[in-house]
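Peer 1: Right, I'll just put the structure down here and ask away after.
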Amino acid sequence: MELQILQVPPLGTNCYFIVDSGKVGIVDPGGSGDSIIRFIEDKSWHPESVLLTHGHFDHAGAAGQLKEYFGIPICIHRLDAPMLENAKASHAERFGFPYSGCTADRLLEENDTFSVGDTVFSVLHTPGHTKGSSCFLSGDTMLSGDTLFFRSIGRFERRDKETMKKSIKRLLSMDEGVRVYPGHERDTTIGAEKKFNPFANFDWEWE
Ligand SMILES: [Zn+2]
């Protein structure tokens, strides 16, 4: 399995391509359907699914276009599926971006698995940034969406602080060698984040 990254508008989201034997899983395509289609066709890849770590428009914007163009399913945690429906739910309206909406085809749950070629990923439900935020793990490779970042964590509402803490604790208790590929900015490891992430001491009294 190989991971390729394309940074996509409108907010510099990392769109990941999980590539295995020419089969491809598109993770968090952001709002850039046309350039993703070109990128995939240039490489003669065969996309199998659109996988979303959560329902925000800057991750899910192009999901509907890719679903239609390639005839592939959109997979997202059950609790975030309603966010895909319109501009308001996906927060596109709040940021003034266009968003046309789409529907999920497969609703993911904790412990579910999905495959791309011969590679199997499992779903970790890590709520806090959104209700259905999930990380995707295969061996020592994890896609962390907007939950865990290089030296930071995703934004969350005050009421979700304890939920977010629990999710971050869970991730930081994983094997230190796990390589983390977040929804924005650069990749890191669980070991490095345990050591250097300012949120790893769980003294979150700055609000
Ligand atoms: Zn987000």
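Bear in mind that the values in this text are calculations on the coordinates, not laboratory data. Bear in mind that the values here come from a model prediction, so they are computed numbers and not experimental data. Methodologically, a virtual Cβ is constructed for each residue, glycine included, from the backbone with ideal geometry; neighbour enumeration extends over all protein chains shown.
Peer 1: Between S115 and E205, how high is the FRET efficiency from 1/(1 + (r/R0)^6) when r is the Cβ-Cβ distance and R₀ = 35 Å? Nearest 0.05.
Peer 2: 0.25
Peer 1: Too long at a 25 Å Cα-Cα cut-off: which of K23/K169; K23/K131; K67/K161; K131/K165?
Peer 2: Table pairs above 25 Å Cα-Cα are K23/K169; K23/K131; K67/K161.
Peer 1: Stick to Cα atoms and the Kirkwood definition of Rh, then tell me Rg/Rh for the chain.
Peer 2: Rg divided by Rh gives 0.95.
Peer 1: Contact order normalised by length for the range 2-196, with contacts defined as Cα pairs under 8 Å and 6 or more residues apart; what percent is it?
Peer 2: 16
Peer 1: Just subtract the alpha-carbon distance of L3 and T103 from 0.36 nm times their residue separation and send over the number in nm, one decimal.
Peer 2: 33.4 nm
Peer 1: Please determine, in degrees from 0 to 90 and to the nearest 10, the orientation of helix 33-42 with respect to the longest principal axis defined by the Cα atoms of the chain, where the helix direction is its Cα long axis.
Peer 2: It works out to around 70 degrees.
Peer 1: If you don't mind, there's one more thing I want to ask. Compute the Rg/Rh shape ratio of the range 16-60: radius of gyration over Kirkwood radius, all on alpha-carbon atoms. Before the final figure, lay out each step's value.
Peer 2: Working: Rg = 10.3 Å, Rh = 10.7 Å.
That ratio is 0.97, to two decimals.
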